[in-house]
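Engineer: Here it is: the structure, laid out below.
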Amino acid sequence: MKRTRTGNYGKLIKHDLYIGLLCGWRRYLPVFFLAAILFSMPYMGYRSLLQEGGIQPGPITLGNYLLSAFSGMLPYDPASGAPFQIPIYWFALQLYLAFVVGGYANRDLAGYGKNILIRARTRTGWWLSKCLWNVAGVLVYYAILFLCAVLFAAATGSVSLLPNLQIAGEWLNMDCSAASAQQVALVAALAPLLTSLAVCLLQMFLSFLLRPIYGYVAVAVLMIASAYCFTAVLPGNWSMLLRSEALLPGGIPFEVALLLSLLLMAVSVLAGLIYFKRCDILETNS
C-alpha cells in the first residue's frame, strides 16, 4: 500500500511538472525580454555616472543588477504632497509572475487532471503536487532572471554577487552605510524570491477559494497596497530592497521577512489542503 501511494505521488508530480512547466514553456519567453529591459537600465545609469564623473571607475556587478531589479521604492509619505507612483518595473515583475503561475491548477482540475485525481485517490497528494509545481514555476522564473543578470554582468562588469555599494548609493540613492556588501547581497538574492514563493502559493489557494481571476486581482491589489503602505503586514514590502533594514534605517529586517514568508507559505499550503479535502472540488469550474 505504501509503495502504491508513493507511486501515486510520483505520477502526480510528473504530470504537473510536465504539463505545468514543460508544456507551458512559452509563458516564460517574455521573461527574457522583460529582463533585457530591466537590466539595461542600471547599465545605462552606470555609464552616465562614469561620463559625468559622479563616481570613480569601478565594475558594475551582478549584485548591482539584482539590487536594481528588486529595489522597489522608498516608503511613500502621503503628507509630503508628492503624487504616489507605483514602481513600475518591480510591479511588472510581480504581475507577470502571477500570470505565469496563475490558473494552471484550476485548468488542470477542470480537464485531464480530474482523471488523474480520481485514479490517484489522494487529494492530499494532488494538492501538495500542485504546491510543488507552484514552487518549481517560481524557481524557473527567477532562474531566468538570474541567468539574464549574469549575462549582463559578464558582458559589462563582474559576476560577483557582492554589489558595488558606491554605484548603488550614487545611482539608486541607497543608504548602504548600515550593512556590508555581503549582507546586501544576501537580502537581494533571497528576500524577493522567498516573498514570491509565499505570494504565489497564496494566489493558488485564493484561485481555488474564489476564481483564478480573483486570485490574480488579489495579487495586484496586494502589491499596490504594499507600495503605498510601509508595513511588514503587507508582503510586497518584504521584496522591495529599498525597504529592507540593510538599505533603509528602520526598514524591515531580513529575519522578519524570512519568518513571515515561511509563515505565509505554511498557512497557504495548509489552508488550501483543508479547503480541498472538505469541498466538492470536482464540481468546481475554472
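Engineer: If I model a spin label as a point 7 Å beyond the Cα along the Cα-Cβ vector, how far apart are those points for Arg211 and Ser48 in nm?
Structural biologist: The modelled label-to-label distance comes out at 4.4 nm.
Engineer: As I understand it, the dipole of the chain uses +1 on the Cβ of Lys and Arg and -1 on the Cβ of Asp and Glu, about the Cα centre. Which of Leu241, Trp25, Leu50 lies farthest toward its positive end?
Structural biologist: About the Cα centre, the residue reaching furthest to the positive side is Trp25.
Engineer: Quick check of the Kirkwood formula: for region 137-286, what is the inverse mean of 1/r over all pairs of different Cα atoms, in Å?
Structural biologist: For region 137-286, inverting the mean 1/r across all distinct Cα pairs yields 17.1 Å.
Engineer: Report, in debye and to the nearest 20, how large the dipole of the chain comes out about its Cα centre when Lys and Arg carry +1 and Asp and Glu carry -1 on their Cβ.
Structural biologist: 1800 debye
Engineer: Please give the length that would be gained between Ala154 and Val267 if that part of the chain were fully extended, namely 0.36 nm times their separation in residues minus their C-alpha to C-alpha distance (nm, one decimal).
Structural biologist: Length difference between fully extended and current span is 36.7 nm.
Engineer: Moving on to the next point. Ignoring solvent entirely, what values of log10 I(q)/I(0) come out of the Debye formula for the chain at 0.06, 0.13 Å⁻¹ when each Cα is a single scatterer?
Structural biologist: For the chain at q = 0.06, 0.13 Å⁻¹, log10 I(q)/I(0) is -0.22, -0.89.
Engineer: Under 20 Å between alpha carbons: how many lysine pairs meet that in the chain, if sequence neighbours fewer than 8 apart on the same chain are excluded?
Structural biologist: Value for the chain: 10.
Engineer: If each DSSP helix of 4+ residues adds -39,500 (n - 2.57) and the sum is divided by the residues in the chain, what number results at 222 nm, nearest 500 deg cm²/dmol?
Structural biologist: Result for the chain, helices only: -22500 deg cm²/dmol.
Readers should treat all values here as calculations from the given coordinates under stated rules, not as data from a laboratory. A quick note: this is a predicted structure, and the numbers were derived from the prediction, not measured. Don't worry about glycine lacking a Cβ; one is built from the backbone with ideal geometry, like all the others, and counts go over all protein chains shown.
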